[in-house]
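The values are calculated or read from the model by the stated rules, or taken from the named source; none is laboratory data. Quantities reported herein were computed from a predicted structural model and do not represent experimental measurements. For neighbour counting, all protein chains shown are included, and Cβ atoms are generated from backbone atoms with ideal geometry for every residue, glycine included.
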Amino acid sequence: MLACASCGNNVRSGRVALGTNDSGTSTAHIDEDYTELVDDSPNILLAGLPPLEMDGELAGRYLEKAAADRNNAAIRSLAADRFLTYIDLRKAMQGDGLTVDGVHLTAAAYS
């Protein structure tokens, strides 16, 4: 169970949205990190990567769409293998102008 240092109690579930910054690397890193996280917190919800806008300054310079797709698939697969809830952020968040730099979501995209 996850500990909540600031609230002084235990958290019953968590939402994880990690992996975007690793979308220039292989999925091995994602697999290892997520597996460890899930092993430590079995009641966790996993979220895929948010949409990337590859024409954005940051995404175009540092990330690869194919790597992001592989990382997303790895997260989805781990969720399925462990019977965990998977939240498909790309499916839920569609449209243009969702990010300020191709990676980081705008305030409006969070709503």
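Taking region 64-88 on its own, how many of its residues are of a type in the set (Asp, Glu), within 15 Å of LEU45 (Cα to Cα) and free of Cβ contacts under 8 Å to residues at least 24 places away in the same chain?
From region 64-88, those of a type in the set (Asp, Glu) are 64, 69, 81, 88; that's our starting set.
Then keep just the ones that are within 15 Å of LEU45 (Cα to Cα); that gives 81, 88.
From the residues that got through so far, the ones that are free of Cβ contacts under 8 Å to residues at least 24 places away in the same chain too are 81.
The qualifying residues number 1.
Out of curiosity, is ILE75 out of contact with any His (no Cβ under 6 Å at 6 or more places or on another chain), modelled with pLDDT under 80 and buried (at least 21 other Cβ atoms within 10 Å of the Cβ)? Write out each step before concluding.
Numbers: out of contact with any His (no Cβ under 6 Å at 6 or more places or on another chain): yes; modelled with pLDDT under 80: no; buried (at least 21 other Cβ atoms within 10 Å of the Cβ): yes.
Taking the combined requirement at face value, the residue does not satisfy it.
Condition first: surrounded by fewer than 17 Cβ atoms within 10 Å (Cβ to Cβ) and part of a loop (DSSP other than H, G, I, E, B). Now tell me which residues in region 85-111 satisfy that.
Result: THR85, ASP88, MET93, GLN94, GLY95, ASP96, GLY97, VAL100, ASP101, HIS104, THR106, SER111.
Count, please, the residues in region 32-73 that happen to be hydroxyl-bearing (Ser, Thr, Tyr) and in a loop (DSSP other than H, G, I, E, B).
Total satisfying the criteria: 1.
Every residue in region 42-63 that is buried (at least 16 other Cβ atoms within 10 Å of the Cβ) and either modelled with pLDDT under 80 or touching a helix residue (DSSP H, G or I) at 6+ places or on another chain (Cβ under 9 Å) (or both), please.
Listed by number, the residues that qualify are ILE44, LEU46, ALA47, GLY48, LEU49, PRO50, PRO51, LEU52, GLU53, ALA59, LEU63.
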